[in-house]
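Worksheet: the structure to be examined is printed underneath.
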Amino acid sequence: EPFYISGSRIVREGWLRYLPYFKSADVILPQLKEGEKVQVLNKEILAKETQPPPRYTQGRLVEKMEEMGLGTKSTRHSIIKSRDDRGYVVGNPLVPRETGIAVASTLIKHAQKISSPEMTAELEQDMDRIVEGLHQKDQVVGRSREMLDEIMEVMEKEREEIAADIRNGVREDEVVGKCRTCGKDLRIKRARKSRKRFVGCSGYPQCTEAYPLPQKGKIRSTDEVCPDCGTLRITVINKGRRPWTICLDPECPTKKELVGSGRKSKRGEN
């Protein structure tokens, strides 16, 4: 088991010479020779957990795309917009939703080549070489078609499994929690006539538990329960605005607090 030691010392004082309030914190390493035995003065066992890397922010994602050669300055914005419109991620830093995870996992499982950043970067480079006159357009297009034909053939054979995997992810995103009346899933649904979204029990028509929802913004479940009314709480995410958390009951006293603080809360629209 290797052991490490680190130290530091000021080599040149510079402006520190004229700052009397600064105290040097040099750590001078002892002169040691290979094979020399040292005395252990103290030891301790630290209980720590491995921390995951920080989530990507929008800015860091653009930087990463640039580093990997994905998209161009003019196309990266539309790529990110498509991702947001499809509801694959929420927030900033970015948190993947179940739909996004399902799509990514399914592509990696059934069509790994098309989902690899290397393939996308290679296509971008080929297009640049066409502009520079180093590649022929027909040659690049022909190679791309052959590759896509192979991928589409595989996906066509496994379309039922692919559809089921993605469908399960979408269903997970539709679930906001458990119904307090019957215990079944509360899901985000849309009214047949008005097409307005609302939360309804999956046990309908036996259970008629239902709540209105804001008609704009993405909805994310929180697994929290409102202490005032006992209904589930959700987070509403609108582009360009700070996410806000509300409970499902439109008659909850906390809704009056939102109105008083400048948030409008109308029955049917929250």
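The values are calculated or read from the model by the stated rules, or taken from the named source; none is laboratory data. In this text, all values refer to a predicted model and were calculated from it rather than measured experimentally. Neighbour counts run over all protein chains shown; Cβ positions are idealised from the backbone, glycine included.
Considering only residues in the range 61-110 that are crowded, with 16+ Cβ neighbours inside 10 Å and among the hydroxyl-bearing types (S, T, Y), the one that is nearest to A164 (Cα to Cα) turns out to be T106. Against the conditions (1) touching a helix residue (DSSP H, G or I) at 6+ places or on another chain (Cβ under 6 Å); (2) touching a residue at least 24 places away in the same chain (Cβ under 8 Å), L186 satisfies every one except (1).
Table: residues versus (1) of a type outside the set (D, E, K, R); (2) modelled with pLDDT of 85 or more.
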site: I10; (1), (2): yes, no
site: E36; (1), (2): no, yes
site: T57; (1), (2): yes, yes
site: V62; (1), (2): yes, yes
site: H77; (1), (2): yes, yes
site: R86; (1), (2): no, no
site: G100; (1), (2): yes, yes
site: T106; (1), (2): yes, yes
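Would you call E156 modelled with pLDDT of 85 or more, out of contact with any strand residue (DSSP E or B) (no Cβ under 9 Å at 6 or more places or on another chain) and of a type outside the set (A, V, I, L, M)? Criteria met by E156. Scanning the range 218-245 for residues that are closer than 20 Å to R171 by Cβ and basic (K, R) yields K218, R220.
Condition check for S82 on (1) in a helix (DSSP H, G or I); (2) hydroxyl-bearing (S, T, Y); (3) touching a residue at least 24 places away in the same chain (Cβ under 8 Å): one failure, at (3). The test for being within 21 Å of A102 (Cβ to Cβ), of a type in the set (A, V, I, L, M), outside any loop (DSSP other than H, G, I, E, B) and at pLDDT below 85 does not hold for I234.
If only one of L16, L70 is assigned to a helix (DSSP H, G or I) and of a type in the set (A, V, I, L, M), which one is it?
Numbers: L70 fails: assigned to a helix (DSSP H, G or I).
Sole residue among the options that is assigned to a helix (DSSP H, G or I) and of a type in the set (A, V, I, L, M): L16.
Among the residues of the range 124-147, are any touching a residue at least 60 places away in the same chain (Cβ under 8 Å) and either among the small types (G, A, S) or surrounded by 13 or more Cβ atoms within 10 Å (Cβ to Cβ) (or both)? No: zero hits.
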